[in-house]
Amino acid sequence: KENLPKTKAEEAALKKLAADPKSGIITFEDGNQFKGISPDFAIADSCAACHNAHPASPRKDFKKGDLMGAIVVRFAK
């Protein structure tokens, strides 16, 4: 649960990224922070297998190359 989006702006950025995973890094301002969100792809079969086996995973059918989430970097303004 600690990996879920922290704000509505992060949630919107993640949805935008999911709609076009190849778009790359999305940057935006959110309250008193600058944020960057980058796609997190399953770069190996073992990445997908680990996520598929995790009891809290939202999906159990990830495969190599799939977008599995995002990495968020936050900086104070």
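The values are calculated or read from the model by the stated rules, or taken from the named source; none is laboratory data. Just so you know, these numbers come straight off a predicted model, no measurement behind them. So basically every Cβ, Gly included, is an ideal-geometry build from the backbone, and we count neighbours across all protein chains shown. Heavy atoms of the whole protein, side chains included, go into the accessibility calculation; ligands, DNA and RNA do not. Shrake-Rupley method; radii C 1.70, N 1.55, O 1.52, S 1.80 Å.
Brief remarks on what is shown
- Sole exception among (1) at positive phi; (2) part of a helix (DSSP H, G or I) for Gly65, by number: (2)
- The number of residues in the stretch 37-48 that are in a helix (DSSP H, G or I) and either open to solvent by 60 Å² or more (accessible area, probe 1.4 Å) or within 22 Å of Thr7 (Cα to Cα) (or both) comes to 2.
- Complete set of residues in the stretch 35-59 that are touching a helix residue (DSSP H, G or I) at 6+ places or on another chain (Cβ under 9 Å), modelled with pLDDT of 95 or more and among the charged types (D, E, K, R): Lys35
- Verdict on Lys16 being open to solvent by 60 Å² or more (accessible area, probe 1.4 Å) and either among the charged types (D, E, K, R) or closer than 24 Å to Ala76 by Cβ (or both): yes
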